[in-house]
Amino acid sequence: MFNLILFGPPGSGKGTQSERLIAKYGLKHLSTGDLLRSEIDGQTPLGLAAKSFMDRGQLVPDEVVIEMISSALDNNPQANGFLFDGFPRTTAQAEALDKLLNQKKTEIAIVLALQVSVDELVKRLLNRGRTSGRRDDADEEVIASRISEYERKTAAVAEYYKKYNKVVYIKGEGSIDKIFEALCKKIDSRKAA
Ligand code: B4P
């Protein structure tokens with residue numbers, strides 16, 4: 001099994017690059033953002049609870065997302081590997097993920113961290129907000145709060161995986177094709193190691 005984490009601030013290109021990476025490497029895509037939005041669309045109790053946090057640009061509580069990922073892992077016993085997109089977003093989530101993978105006798109092979117300036121993040125998210133209908137992309141204050149949640153709670157996740165030499169940084173600005181190429185190079189060299 002080959003499991004990877006695509007890491008980076010909101011708007012850094014995680015969702016965009018994930019789609020290409022899962023097609024190339026045959027991985028199962030697990031995006032907590034997508035899973036939460038589908039709970040909201042289905043008006044489930046979990047979705048209703050998550051919506052108030054997401055609309056304000058805050059992280060959804062750890063126990064909710066950890067439980068969601070745990071079920072998603074159990075529901076995909078045949079997967080060749082997982083691409084985690086937007087998860088883990090706190091150190092507690094990273095510790096929980098390690099335990100879950102450990103129970104399945106597997107682990108994270110690499111953490112690909114996309115680096116993008118704050119100005120570019122805001123520009124991209126506002127731009128998507130004009131067409132996507134995503135409420136969290138439409139309001140500059142909500143975007144600022146997502147970026148500040150990232151800095152306060154999520155940036156530490158990279159430090160957590162650095163202890164295990166799993167983090168590789170990639171410049172997330174430039175053409176989508178070039179960034180994809182750079183990501184593939186890092187994955188291929190980790191697979192060959
Ligand atoms: P997510 O759905 O994960 O959304 P995101 O961080 O904004 O990134 P996304 O992947 O969608 O955007 P991308 O960078 O691809 O999270 C939404 C919310 O859910 C969070 O705020 C939180 O409330 C909650 N949540 C999710 N996971 C959670 C967890 N684990 N714990 C707690 N809460 C959680 O792309 C952005 C835009 O940039 C796109 O329009 C794209 O086209 C564009 N773009 C991409 N690459 C580009 C490039 N190279 N050049 C120009 N534009 C580019």
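Among the residues of the stretch 117-153, those identified as among the aliphatic types (A, V, I, L, M) and within 11 Å of the ligand (Cβ to nearest atom) are 121, 122, 125, 126, 142, 143, 147. So which residues in the stretch 46-55 are surrounded by 13 or more Cβ atoms within 10 Å (Cβ to Cβ) and more than 8 Å from the ligand (Cβ to nearest atom)? Passing the criteria: 46, 47, 49, 51, 55. When residue 1 is tested against (1) surrounded by fewer than 20 Cβ atoms within 10 Å (Cβ to Cβ); (2) hydrophobic (A, V, I, L, M, F, W, C); (3) within 27 Å of residue 116 (Cα to Cα); (4) in contact (Cβ under 8 Å) with a residue 40 or more places away in the chain, exactly one condition is not met: (3). Can you find even one residue in the stretch 107-117 that is surrounded by fewer than 16 Cβ atoms within 10 Å (Cβ to Cβ), assigned to a loop (DSSP other than H, G, I, E, B) and not basic (Lys, Arg)? Yes, some residue in the stretch 107-117 is surrounded by fewer than 16 Cβ atoms within 10 Å (Cβ to Cβ), assigned to a loop (DSSP other than H, G, I, E, B) and not basic (Lys, Arg). Report yes if some residue within the stretch 34-45 is loosely packed, with under 13 Cβ neighbours inside 10 Å, hydroxyl-bearing (Ser, Thr, Tyr) and either more than 9 Å from the ligand (Cβ to nearest atom) or touching a residue at least 24 places away in the same chain (Cβ under 8 Å) (or both); otherwise report no. Within the stretch 34-45, one or more residues are loosely packed, with under 13 Cβ neighbours inside 10 Å, hydroxyl-bearing (Ser, Thr, Tyr) and either more than 9 Å from the ligand (Cβ to nearest atom) or touching a residue at least 24 places away in the same chain (Cβ under 8 Å) (or both). How about the stretch 2-23: which of its residues are among the basic types (Lys, Arg) and within 7 Å of the ligand (Cβ to nearest atom)? Residue satisfying the conditions is 14 alone.
Only the coordinates and a few stated rules stand behind these numbers; no lab work does. All values reported here derive from a predicted model rather than from experimental measurement. Virtual Cβ from ideal backbone geometry, glycine too; neighbours counted across all protein chains shown.
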